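The values are calculated or read from the model by the stated rules, or taken from the named source; none is laboratory data. All of these numbers come straight from a predicted model, not from anything done at the bench. Quick reminder, even Gly has a Cβ in these numbers, built from the backbone with ideal geometry, and neighbours come from all protein chains shown. Accessible surface areas use protein heavy atoms only, side chains included; no ligands, DNA or RNA. Shrake-Rupley method; radii C 1.70, N 1.55, O 1.52, S 1.80 Å.
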Amino acid sequence: MADPARHIVHEIYSDVMFELAEETGQLDDVMKDLQSVGRVLRAEPAFLSLLISPSLSETEKAAMIRRVFAGRISPLTLDFLCVLARRNRMSFLNGISGRYEDRYDSVRNRKRVVVTLAKPATDEQIEALKAQIRDAVQAEVKLTVKVDPAILGGMVIQKGDMVIDNSVRNILNRTVDVIVKHSKEKKE
């Protein structure tokens, strides 16, 4: 994130929300609520535009949030969204939700893993892969599967900063590098 001020806002609001949810035993409910609200805002970008528009007052924005989400999300999450609206912070919701999810995953011992395959896998293959990764990292896994035909075959696994590249493309590149290096050594 390029803007340190945005990062601080994300951090402060998500940490406060997380601590409130933890104290009240609502970590799971708030996580589900934030995901639901995120889906609504992605599906209805015009609604998000209204919530961040300077043409509406903060009170009108909070009232709109209550009308749309009351009864659909927990009162804690609803109040939190209204606080964001009253403080003109709705544009930060995505980052706040992302940081909340990171903390949630950490508490629940969940690891995010991205696997890149050369071609789409079946649901059974993905579940088997997820189980193997779960056993390897000894934690629940939130698996994201990407498809990139350029890797030719095999897979690339990424968990945080760690990358395991067992793609056919990478193996071929390493083999070519070894052959070139070996050829140069013979000439010298």
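For the chain, what is the percent of antiparallel DSSP beta bridges, rounded to the nearest 5?
55 percent
Could you give the radius of gyration (one decimal) and Dmax (whole number) of the Cα atoms in the range 77-187, in Å?
That works out to 20.7, 73 Å for Rg and Dmax.
Projected onto the charge dipole of the chain (+1 at Lys/Arg Cβ, -1 at Asp/Glu Cβ, origin at the Cα centre), which of L78, N166, T144 gives the Cα projection farthest towards the positive end?
N166
Counting pairs of alpha carbon atoms under 8 Å apart in space and at least six apart in sequence, what relative contact order in percent does the range 45-188 give?
18 percent
Roughly how many percent of the accessible protein surface of the chain is carbon and sulfur, given a 1.4 Å probe and a whole-percent answer?
Roughly 53 percent of what the probe reaches on the chain is carbon or sulfur.
At 222 nm, what helix-only mean residue ellipticity would the chain give, in deg cm²/dmol to the nearest 500, using -39500 (n - 2.57) for each DSSP H run of four or more? Could the numbers behind the result be given before it?
Values: 8 runs with 119 residues, N = 188.
After summing the helix terms and dividing by the residues of the chain, the value is -20500 deg cm²/dmol.
On alpha-carbon atoms, Rg over Rh for the range 1-87 using Kirkwood Rh?
0.96
With all distinct Cα pairs included, what does the Kirkwood hydrodynamic radius of the chain come out to in Å, to one decimal, could you say? Don't jump to the answer; show the numbers that get you there.
Numbers: mean 1/r = 0.0506 Å⁻¹.
In the chain this quantity evaluates to 19.8 Å.
Rounded to the nearest Å, what's the spacing between the alpha carbon centres of the range 1-38 and the range 119-188? Just the number, please.
The range 1-38 and the range 119-188 have Cα centres spaced 33 Å from each other.
Could you tell me whether the range 71-120 comes out rounded, prolate or oblate from its Cα gyration tensor? Rule is a ≥ b ≥ c as square roots of the eigenvalues, rounded for a/c under 1.5, then prolate if a/b exceeds b/c, otherwise oblate.
Because a/c hits 1.5 or more and a/b exceeds b/c, the range 71-120 counts as prolate.
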